[in-house]
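First comes the structure, then the notes that go with it.
Read-outs throughout are calculated quantities, based only on the coordinates presented, and are distinct from any laboratory measurement. What you see is a predicted model; the values in this text were computed from it and never measured. Counting neighbours? That spans all protein chains shown, and the Cβs are built from the backbone with ideal geometry, glycine included.
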Amino acid sequence: MSLGSREACEILGVSQTTLKRWISYFPNVFPKDQLGHYLFAERELKLLEKIKEEVRGGVPMDKIELPVAPERDGASSAGAAAFPGTEADTLRLRVAQLERALAQKADEVVTAQIYQHRQEIDELRLMLRQLSEAVEGLQQAAAAREPEAARPEPARKPEPAAGGARTTGAATVRAARRKVFWLF
């Protein structure tokens, strides 16, 4: 099975830029598929490994000699005669690329959803904190008013006799008897 540039880079342990430089230096050795992408079969990976070893050994690129890939059949643009199975490998590679792209898109969607949920949770936490502070304030206000309600009423002065000089109005008596209850 053939691999794409990214997979070949991972196997060789080099960057894509390095791999493309090596490929461009030996254009007749590394074939492209119908879409213009490089495909690396086991043979090409061995050649790339050889290039890697020689470059690390200090050999200049112009001194490295690689066997040239066999000439492709002129009638077949995909090179199916010279590279059997290349079309099937190309399809497998394309399917693998599409699967990776789909997985990456799914990851992006999930990440966006998680971010949105986190924002909603933060908003709910803020509302809960505000409600908690409001309830606490109301409880404190109620506690402050309780001593007023629990305080005994002052002793009333006895009303003067009917013949007395001062009489209280009915409204004043009702106001004195009325108790006020505050809920909050």
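Pop a pseudo-label 7 angstrom from the Cα along the beta-carbon direction at both Arg129 and Leu102 and give the gap in nm to one decimal.
4.3 nm
List the residues, sorted by chain then number, that are 5 or more residues from Leu3 or on another chain and whose placed amide H is less than 5 Å from its amide H.
Hits under the 5 Å cutoff: Phe40, Ala41.
Measure off 7 Å from each Cα along the Cα-to-Cβ vector at Ile11 and Glu120, then give the distance between these two points in nanometres to one decimal.
With each label placed 7 Å out from Cα toward Cβ, I get 4.5 nm.
Residue separation times 0.36 nm, minus the C-alpha to C-alpha distance between His37 and Gln140: what's the value?
Gain on extension, His37 to Gln140, equals 29.7 nm.
All other residues with a Cβ under 14 Å from the Cβ of Ala112 taken together, and with Lys, Arg as +1 and Asp, Glu as -1, what is their net charge?
Result for the local shell: -1.
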